[in-house]
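Scroll down for the structure; my scribbles are underneath it.
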Amino acid sequence: MRVFEKHSLRRERLRYRLRALRKRRELKPVASRMDQITSGDVLLFCTLRNERARLPYFIKYYREMGISHFFFVDNGSDDGTSEYLQAQADVSVFYTEHSYKRSRYGVDWLQWLQRRFGHGHWCLTVDADEFLVYPYCDTRSIKALTDWLDASSVRSFGSIMLDMYPKGPISSAVYCEGEDPLKIAGWFDSGNYMIERNNYYWNLWIQGGPRARHFFAEDPKRAPALNKIPLVKWDRRYAYVSSTHMLLPRGLNLVYDQLGGEKTSGCLLHAKFLSTIEQKSSEELKRNEHFANSHEYKAYHSGLSEDPDLWCKWSEKYINWRQLEILGLMSKGNWA
């Protein structure tokens, strides 16, 4: 049975790699600056659509963290996203109007870029509303983290995604271009998380937070997964299985300690719940390009109708990474 399982996983990984190879034809380079990349650079990969207002702070945040080069796949934006990105000196942009759903929700596109340009580099894969926090991120660059991971023979770095929200109605979290969204939506659930181990892929499956308790209260098991492995020392043989929730080979999914200790981990602060979400959910419902016939955006659209206040007894105001470590939501492990 174990031999059959390993063979099945190898075939699955090969299938994903071949999909990415085919999907490369859907990408049109509109700003190519890959010649700037040098050995040891940490690269960021992102698929997005109509995120112009978020981009100035997003890029500033990750530049200050130490990201050397950005790869964006723009999936048919019409709000100036592509033009803004093309004007950035450390950004390469690829444009496509092909189906987000049929590219495994952008994974195939990014996997081709990671295979072509990310081999041998630490690659961070995030959305435009996700902000990585890791131990000592207030004093140490992401290069310091990846150097330590290299020295420790660690190839992947896990995180839990924390949904951030305002105190008060979501409509009150009015976002203006260039602002830090975490100053507007700075609260998160300090508890209320469910964790299971996936015995096939070996990853953890985490659900909970405000989306589970408010938008999926009747069926929390349908709530979005919060487990992520966003930072990987990429090899062209690797493949993401489902978003950044899990990878193949499955040993990359062992970002947690199985013997009772703690592995170094981070958090992705997810700044989705701003005043812009209602318009975004309506747009994505019409496009119907998201997972499971956009059931997540259907839940948002329904749950946002009364302009809810997501604040509750589990709510905690975000301060810094040390607070998240105290709450058990991330760990510095043996990185000192």
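Some notes on this structure:
- Residue in segment 78-85 that is of a type in the set (Val, Ile, Thr) and under 16 Å from the mean Cα position of the chain (by Cα) present: no
- Any hit, segment 298-320, residues being under 20 Å from ALA128 (Cα atoms) and at pLDDT 95 or above: yes
- When LEU329 is tested against the conditions (1) modelled with pLDDT under 95; (2) part of a loop (DSSP other than H, G, I, E, B); (3) buried (at least 17 other Cβ atoms within 10 Å of the Cβ), the lone failure is (1).
- The set of residues in segment 32-49 that are open to solvent by less than 60 Å² (accessible area, probe 1.4 Å) and either farther than 15 Å from SER77 by Cα or touching a Lys or Arg at 6+ places or on another chain (Cβ under 8 Å) (or both) comprises ARG33, MET34, ILE37, GLY40, ASP41, VAL42, LEU43, LEU44, PHE45.
- Within segment 266-279, the set of residues being in contact (Cβ under 8 Å) with a residue 40 or more places away in the chain and either in a helix (DSSP H, G or I) or touching a His at 6+ places or on another chain (Cβ under 6 Å) (or both) comprises ILE277, GLU278.
- For ASP74: the one exception among (1) surrounded by fewer than 16 Cβ atoms within 10 Å (Cβ to Cβ); (2) assigned to a strand (DSSP E or B): (1)
- Identity of the residue in segment 84-98, open to solvent by 30 Å² or more (accessible area, probe 1.4 Å) and in contact (Cβ under 8 Å) with a residue 60 or more places away in the chain, that ends up farthest from TRP122 (Cα to Cα): HIS98
- Meets criteria (surrounded by 15 or more Cβ atoms within 10 Å (Cβ to Cβ), on the phi < 0 side of the Ramachandran plot and not in a loop (DSSP other than H, G, I, E, B)) for ARG10: no
- So PHE4, is it of a type in the set (Phe, Trp, Tyr), without any contact (Cβ under 8 Å) to a residue 24 or more places away in the chain and part of a helix (DSSP H, G or I): yes
- Contact annotation: residue pairs with Cβ atoms under 8 Å, 6 or more positions apart or on different chains, pairing a residue in segment 7-20 that is within 12 Å of TYR238 (Cα to Cα) with a partner that is of a type in the set (Asp, Glu) and modelled with pLDDT of 95 or more, are TYR16/ASP108; ALA20/ASP108.
- Under the condition of being in a loop (DSSP other than H, G, I, E, B) and touching a His at 6+ places or on another chain (Cβ under 9 Å), the residues counted in segment 122-176 number 3.
- Complete set of residues in segment 67-83 that are free of Cβ contacts under 8 Å to residues at least 60 places away in the same chain and among the hydrophobic types (A, V, I, L, M, F, W, C): PHE70, PHE71, PHE72, VAL73
- Hey, ASP108 buried (at least 20 other Cβ atoms within 10 Å of the Cβ), of a type in the set (Asp, Glu) and in a helix (DSSP H, G or I) or not: yes
- Test: residue in segment 122-135 that is open to solvent by 20 Å² or more (accessible area, probe 1.4 Å) and more than 16 Å from the chain's Cα centre (by Cα): no
The values are calculated or read from the model by the stated rules, or taken from the named source; none is laboratory data. No experiment lies behind these values; they were computed from the predicted model shown. Using ideal geometry, Cβ is built from the backbone for each residue, glycine included, and neighbour counts are taken over all protein chains shown. Remember, those area values only see protein heavy atoms, side chains included, never the ligands or the DNA or RNA. Shrake-Rupley method; radii C 1.70, N 1.55, O 1.52, S 1.80 Å.
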